[in-house]
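Below: the structure, in structure tokens.
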Amino acid sequence: MTETDSSPVPRLPGSPAQAKPFLIDRIIEASGRNIFLVLILTVFGMAAAIWALARTPLDAIPDLSDVQVIVYTEWEGRSPDLVEDQITYPISTRFIAAPKVKFVRGESMFGKSFVYVIFEDGTDIYWARSRVIEYLSSVKGMLPEGVNPVIGPDATGVGWVFEYALEDRTGKQNLADLRSFQDWHLRYALESVKGVSEVAPVGGFVKQ
């Protein structure tokens, strides 16, 4: 008669009997036990993906430019130094303390002044334009008589999509006639197109 030993056989560390299932194994096992729940989650995931794809705005050329408002002032016949002292500097210093303004850039040239007011990222462009108009009303008293600063269109350089030129191949129209046709006929027809913010003519002779 023999006597058997019922004590458990010791296992070596790292043997297959002691290996715990990985996380992915447990996920697969739980998915197999809950097939209906997996199907419901899959349907909701596909519906959310279709909804996001239909409503996500996509741009062929994303606009990564800053939120800025351009203040343009014209003072005919004045030198850049005079324009800088009398127009660009007073306007620039006034906008430094405006809310949500990151920095202000000024540029002076012969008879013209440009002030670029750069706002913080995420600022609504129409809110920024209204703040610029509000501050401009308080700075007009500091400018020379007859000078009227205006703000640029609500569009960035990315929106500059089309250029054209008017040519008279018959030789019957001069540059003044072409510019008049551009300013009084063609310009308004183009501005009536949906999505067009501004038509900026350059060149020709402007009739006074």
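Placing pseudo-labels 7 Å out from each Cα toward the beta carbon at D81 and E167 gives an inter-label distance of 4.4 nm. Relative to the longest principal axis of the Cα atoms of the chain, helix 125-139 runs at roughly 40 degrees. Working from label points 7 Å from Cα in the Cα-to-Cβ sense, the K102 to Y126 distance is 2.3 nm. Amide H contacts under 5 Å for T123: none, restricted to partners 5 or more places along the chain or on a different chain, H placed in the peptide plane at 1.01 Å from N.
Taking amide hydrogens as placed 1.01 Å from N in the peptide plane, the amide H of R78 sits under 5 Å from those of G111, each at least 5 positions away in sequence or on another chain.
The value of relative contact order for segment 67-156, using C-alpha pairs under 8 Å at least six residues apart, is 41 percent. In order along segment 88-103, the Karplus-derived 3J(HN,Hα) couplings, from 6.51 cos²θ - 1.76 cosθ + 1.60 at θ = phi - 60°, round to 4, 5, x, 5, 4, 5, 6, 8, 5, 8, 5, x, 6, 8, 7, 7 Hz, and Gly and Pro are given as x. Specify the inter-centroid distance of segment 83-110 and segment 126-183, based on alpha-carbon positions, in whole Å. That distance is 19 Å. What you get for the chain, charging only the Cβ of Lys and Arg (+1) and of Asp and Glu (-1), is a dipole of about 360 debye around the Cα centre. In terms of packing, defined here as the mean over residues of other Cβ atoms within 10 angstrom, the peptides 182-190, 166-174 line up highest first as 182-190, 166-174. Close amide-amide hydrogen proximity is noted between I151 and Y72, each under 5 Å apart and 5 or more residues distant or on a separate chain (H modeled in the peptide plane; Pro and chain starts excluded).
What's the angle, to the nearest 10 degrees (0 to 90), between helix 35-55's Cα axis and the longest principal axis of the chain? Approximately 10 degrees, to the nearest 10.
Cβ-to-Cβ counts within 10 Å put T88, T42, T123, T93 in ascending order as T42, T93, T123, T88, the fewest first. Spin-label model, E145 to R33: label points 7 Å out along the Cα-to-beta-carbon direction sit 9.1 nm apart.
The GluC sites (Glu not before Pro) found in segment 91-140 that occupy coil by DSSP, while having at most 12 further C-beta atoms within 10 Å, are E120.
Each peptide among 110-118, 69-77 gets the average number of other Cβ atoms lying within 10 Å of its residues, and from highest to lowest they stand as 110-118, 69-77.
Near I151, within a Cβ-to-Cβ distance under 14 Å, what is the net charge of the other residues, with Lys and Arg +1 and Asp and Glu -1? Summing Lys/Arg as +1 and Asp/Glu as -1 gives 0.
The numbers here are math on the coordinates, done by the rules we state, and not lab data. Everything numeric here is computed off the predicted structure, so don't read it as measured data. Cβ sites come from the backbone with ideal geometry, for glycine too, and all protein chains shown count toward neighbours.
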